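Chemist: I'd like to ask you about the structure that follows.
Nothing in this text is a laboratory measurement; each read-out follows from the coordinates by a stated rule. Just so we're clear, the structure is a prediction, and the values are computed from it rather than from any experiment. Reconstructed Cβ throughout: ideal geometry from the backbone, glycine too, with neighbour counts over all protein chains shown.
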Amino acid sequence: MREKHLAMVQPKSVYVSQTKKRSEKSLRPFVKIFYFVTILCLYCYSSYAQTVAPVAPTGIEEIYLAKDDGEGKAGEQVTEFRTNDIPIYCVVLLESGEATVVKMNFVAVSVAGVRPETKVVTASYTTKQGQNRVNFSGRPDGKWTPGKYRVDMFLNGKKAKDLEFEIKDNLGRTVAAKSFQPTEATKPRPAKRPIRTNPN
């Protein structure tokens with residue numbers, strides 16, 4: 001009788017082992033996919049981390065534009081101005097306190113009546129040892145002309161940064177520059193002839 005019992009147990013264990021093998025085989029594709037996705041994610045992360053290039057030092061920590069605070073000093077940072085915002089301040093914070101020649105070009109990018117890339121204001125200042133802040137200010141004759149402008153900053157003769165901004169009319173509109181075309185020379189008016197009167 002024991003033999004019969006063993007005979008009955010044997011096929012059951014074979015069936016269980018075959019079921020385990022089948023379930024392991026059916027899981028193998030999922031395990032492979034899991035490993036593949038994990039490796040792919042790690043590869044993507046590592047290649048993304050490698051493509052982020054370090055930012056090259058420019059020598060300028062921060063540059064911003066400001067309106068007058070009402071006391072003749074630079075106020076809060078702004079990105080656009082109105083034609084009656086006089087003066088406009090350009091504040092430059094340097095990365096070090098070394099003596100440096102700081103030059104600013106105030107450039108008209110797209111301004112009606114002004115050739116593109118015209119330098120409107122140029123100023124230069126040499127900092128002293130320990131000084132890391134420079135305030136430039138610019139003012140026009142009269143009011144600013146609406147349009148797009150840019151400030152180019154140079155440190156010791158090398159361009160370090162630039163900053164674009166807009167000056168809008170008092171209604172908040174920017175007037176774009178028209179294309180520059182040569183105009184025909186106007187003919188001068190003929191000189192007026194004196195009127196002769198006949199004395200009778």
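Chemist: Please give the contour-minus-distance gain from THR122 to THR38: 0.36 nm per residue of separation, less the Cα-Cα distance, rounded to one decimal in nm.
Modeler: Taking THR122 through THR38 to full extension adds about 24.6 nm, to one decimal.
Chemist: Can you pull the one-decimal nm distance between simple spin-label points at ASN132 and GLU164, each 7 Å off the Cα toward Cβ?
Modeler: 3.0 nm
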